[in-house]
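The values are calculated or read from the model by the stated rules, or taken from the named source; none is laboratory data. Model, not experiment: these values are computed from the prediction. Note: ideal-geometry Cβ built from the backbone for every residue, glycine included; neighbour counts use all protein chains shown. Side chains included, ligands, DNA and RNA excluded: accessible areas come from the protein's heavy atoms. Shrake-Rupley method; radii C 1.70, N 1.55, O 1.52, S 1.80 Å.
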Amino acid sequence: MTTTTQLPPYDPATIEPHWRRQWEIDGLYQVDNDDPRPPYFFLTMLPYTSGDLHIGHWYAMAPSDVAARWQRMQGNNVLFPVGFDAFGLPAENAAINHNTHPKKWTYSNIENMTRQLKTMGASFDWTREFATSDPEYYRWTQWWFLKLYEHGLAYRGLADCNFCPGCNTVLANEQVNRNDDGNGVCDRCESIVEARQMEQWMFRTTAYADELLNFDRCDYPEPIKLMQRNWIGRSEGAEISFPLGREVGGEDRITVFTTRPDTLFGCTFMVLAPEHPLVAELTTDVHRAAVETYVEQARRQNEIERQSTKREKTGVFTGAYAKHPFTGDDIQIWVADYVLLSYGTGAVMGVPAHDERDFAFAQERGIPIPVVIAPADWDGGDLSEAYTGPGKMVNSGRFDGTDWQDGKLAVADALAELQLGGRTVSYRLRDWLISRQRYWGAPIPMIFCEACGIVPVPEAELPVLLPDDAEFLPTGASPLERHDEFVNVDCPQCGEAARRETDTMDTFMCSNWYMYRYVDPHNHQALIDPGLAQQWLPIDQYTGGAEHAVMHLFYARFFAKAARDMGILQIDEPFARLFNQGTITKDGFKMSKSRGNVVNPDEWVARYGADTVRLYLMFLGPWEAGGDWDDSGISGQWRWLNRVWNLALSEVETAGGSADAIRRATHAMIGKVTQDLERFRFNTMIAAMMECTNELQAIRDRGSVDETAWREAIDSLLLCLAPSAPHMTEELWRRLGNDGSVHEQSWPTYDESLAQAETVTVVVQVNGKLREKLTLAPGASQSDAASAARASERVADQLAGKTVRRVVWVPDKLLNFVAN
RNA sequence: GCCGAGGUGGCGGAAUGGUAGACGCGAUGGUCUCAAAAACCAUUGGGCCAAAAGCCCGUGCCGGUUCGAGUCCGGCCCUCGGUACCA
């Protein structure tokens, strides 16, 4: 038994600041573009400057740092940058609540967060850091806007906003609460919020809908790809026009989109979205009051509530009719809030027999429910519920007898001949609305001139600076609108007095191209040097929360494709590989100041050091699943690091010691750790290193060890642990007399033959139930295993009086007697 | 509502269709100590049993496939994330 009492104690409070300083002096993580090693761009989603850094930031970044460090040890030139997402609503809210300025609040947060981030000991290249609210940064955000406008990908269109009549201002969805009647109310003044249409800037994301469905160049988790595909929501179907027989509001027809044109002959009514432009003009005087009341209430509901299938299907009749395109029959025109203007054409045909929603709607209102697709066992009578399955068309004129699938195309093509529709594809995806009526954002670089119309700000005049002295408090006007100095400008084309756009950009606009800037962050002439772009892009590995599965990640993909087509970048996808970590909670809930369950990393670093905190975060569960922070759990990691410390520094007895068991433990660990790093399984990676530690300790305590094997074992353990516990391993590496930094070493090599166990456990089952365990040499034959098994009393008892019908043999694993 | 993920001991979790509970926390007992803390050692899914051996039960619920299911299939329940102006 080795005594450890005289060993120096593991003291992270001294070790950690020391090595962080040394690494900074040595420029260990500063990336050299001319480094001959292969470039590897590792990026974790940039944090929002929300105030204190909480353990959630560590949870996103510490494991990313481990993976980045591992890439470095594998011989890559790793770029691992960091920056801050700094514009947005929370800064404005916080400024109002704390009676300060959003800029002041944001930059003091950045200072604080930077200090806190540095204690983590991450291998960030801080020389490339920026905040998206830096004028030198948002100059390029504005530049992107100009490029998109130039290429027809940015346009003005009408879009709905949440409008609070009390504050006379636009609200974010987050600022809208629900009252008991289901109406949206302003979270500040509690007025009922209305939908109001405003002309705003949009980006044409739908232009890339089909290309964005393709993930050939994306190594993404399957669920993320699925969610994005569903977000795009491509569906093939038909457009069908129902003639009105007269002109109403400049239209002589109402067009619907359907994926089921085969059921057209079963259409007995149609439904318009309450916002549909023809509603007011179609409605007859008798029904006008009811329709207006209905439309009014619909404007106060949000889309999620309107689409709920649990809710009763409300709706009102307009009194108007359209004609069935084939039969000429009258089709009642209704208005109902479950139809959304934003999807398809804002109007749907009602086929009650073959759509669940339409069935419920028609049944309550006594609308006929004719069957036009025959269920297999149909007796010709009425249906008790909607039939949505396959079948042959019936009651459908010349299409009778056609299979439904063929019918979809046949009906669409027949409509095309009549010029009343035809085959088409519809998407759930909408264009991206980027205008925000807020102060703390990048100004949209556009000018409105009475003579010239919409005029872009010339590139040379960027950035359009956000004035510090605008009134951002809610006063009833868009903040920049009241800032005369900002608003009034000479038209760049004609020189006459003109007005600047006063809306700012969605913060997602700032965060969907930031990764490119890290490659060349101080370039004043261009967004990015083309040679450097070629060298570093796309990002090799991106990590971040799955809550960004569709919006941020999707916008970033759209931007990459637009950038390629505009000749700015030569990549198809921004991120070659993606990994999503889960959320860290405390007491089962997401951390929030109001709940009072925020875990402050500083407190735990002060107690145990950063290395222990890093390890605990990785150990508490699989990274993709997230986990719950438990104050008492962290002590396990602290104890383990102390055991590693003592193990590495302890004197061992080497006279006549053996090497096999040591090598087995070492190589089993290297294999497992390497394999787990590949798939970001940090929790089992740490468990493997703990097992190895336990094993080495036991071997040492049993007696002598082989000196070379022991030294290899300790070195390998330190190398495997180096990415996770960078400070402690550096200290031990140097104390053990090694040259250079542990973080500049090569990853240890794994030899499978050395990891091989001497014996294997083969389990014996009778009818699938475990009855015996055999210890055999690896590669033992089935007959050897069977005779050993039959020699067991337990097995013999279970087989007594039974006939063995079958024997299942899995070499080195299992022997199962199937008997009765 | 819709889309995606998940549900395993007291707790966090482990398990290419093949020993359920690795690794750790906690708890209990012990060593050390005047004592405590720390550290170390041992035990720890439930039941029958004095104990051991042994047997039975056990991965949200119901059913199925298979020699064998936490894992695959069908149907439910619950929790979490997103739902286009929180980021």
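The table for this structure:
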item	result
Relative contact order of chain A, defined on C-alpha pairs under 8 angstrom at six or more residues apart (%)	14 percent
Formal net charge of residues neighbouring A:G596 (Cβ-Cβ distance under 13 Å; K, R +1; D, E -1)	+3
Local electrostatic count, A:R398, Cβ distance below 14 Å [Lys/Arg +1, Asp/Glu -1]	-4
Whole-Å distance, taken between Cα centres, linking the range A:639-686 and the range A:428-452	57 Å
Positive dipole terminus of chain A, leading residue within A:N183, A:L754, A:G315 (C-beta point charges)	A:L754
Leading residue at positive end of dipole, chain A (Cβ point charges), from A:F579, A:P445, A:V286	A:F579
Surface accessible to a 1.4 Å probe, per residue, for the residues of the range A:173-289, Å²	48 Å²
Two-site label geometry, A:E111 and A:A800: point separation in nm, points 7 Å out along Cα→Cβ	8.4 nm
Fully extended contour minus Cα-Cα distance, from A:A280 to A:D35, at 0.36 nm per residue	81.4 nm
Using alpha carbons only: equivalent-ellipsoid semi-axes of chain A, gyration tensor based, whole Å	58, 42, 23
Efficiency of FRET between A:D406 and A:M566 - r from beta-carbon atoms, R0 56 angstrom, step 0.05	0.85
Extension gain from A:R790 to A:R398, taking 0.36 nm per residue of separation minus the Cα-Cα distance	133.7 nm
Given A:K103/A:K590; A:K769/A:K802; A:K118/A:K586; A:K103/A:K225; A:K104/A:K593; A:K773/A:K802, the pairs whose alpha carbons are separated by over 25 Å	A:K103/A:K590; A:K103/A:K225
Accessible solvent surface per residue of the range A:601-645, calculated while the other protein chains remain in place, 1.4 angstrom probe, Å²	34 Å²
Percent accessible area from carbon and sulfur atoms, chain A, protein chains only, probe 1.4 Å	47 percent
Within the range A:204-231, backbone nitrogen closer than 12 Å to the virtual label 7 Å beyond the Cα of A:R428 toward Cβ	A:226-231
Viscosity 0.692 mPa s, 37 °C: Kirkwood-radius Stokes-Einstein D of the range A:324-445 over Cα pairs, µm²/s	188 µm²/s
Share of alpha-carbon pairs per 5 Å distance bin for the range A:691-820, given as whole %	2, 9, 15, 14, 10, 8, 8, 9, 8, 7, 6, 3, 1, 0, 0
Overall Cα dimensions of the range A:141-252 - principal axes, largest extent first, Å	49, 48, 35
Extended-chain gain in nm, criterion 0.36 nm per residue less alpha-carbon gap, A:I96 and A:E485	137.7 nm
Convex hull projection area averaged over all views, the range A:62-204, Cα basis, nm²	13.1 nm²
Unit charges on C-beta of K, R, D, E only; dipole of chain A, Debye	2000 debye
Relative packing of A:692-699, A:714-721, which averages over residues the other C-beta atoms within 10 Å, highest first	A:714-721, A:692-699
Over the range A:604-734, relative contact order from alpha-carbon pairs under 8 Å, at least 6 apart, %	34 percent
The range A:257-343 - Debye-derived log10 I(q)/I(0), Cα point model, q = 0.19 Å⁻¹	-0.91
Computed [θ] at 222 nm, deg cm²/dmol, chain A (DSSP H ≥ 4; -39,500 (n - 2.57); rounded to nearest 500)	-10500 deg cm²/dmol
Cβ-derived FRET efficiency at R0 35 Å, A:D181 paired with A:L226, nearest 0.05	0.45
Most to least accessible of A:D382, A:D11 (protein chains only, probe 1.4 Å)	A:D382, A:D11
Förster radius 45 Å - calculated FRET efficiency between A:N694 and A:N597 (Cβ-Cβ, nearest 0.05)	0.85
Ratio Rg/Rh, restricted to the range A:526-655 and using Cα atoms, in which Rh is the Kirkwood radius	1.16
Projected area averaged over orientations for the range A:297-359, convex hull of C-alpha atoms, nm²	5.1 nm²
Rounded to 5, the percent of DSSP beta bridges in chain A classed as antiparallel	75 percent
Shape metrics for the range A:689-744, restricted to C-alpha atoms - Rg then Dmax, Å	11.8, 34
Accessible surface, per residue, of the range A:473-568 when the full set of protein chains is kept, probe 1.4 Å, Å²	37 Å²
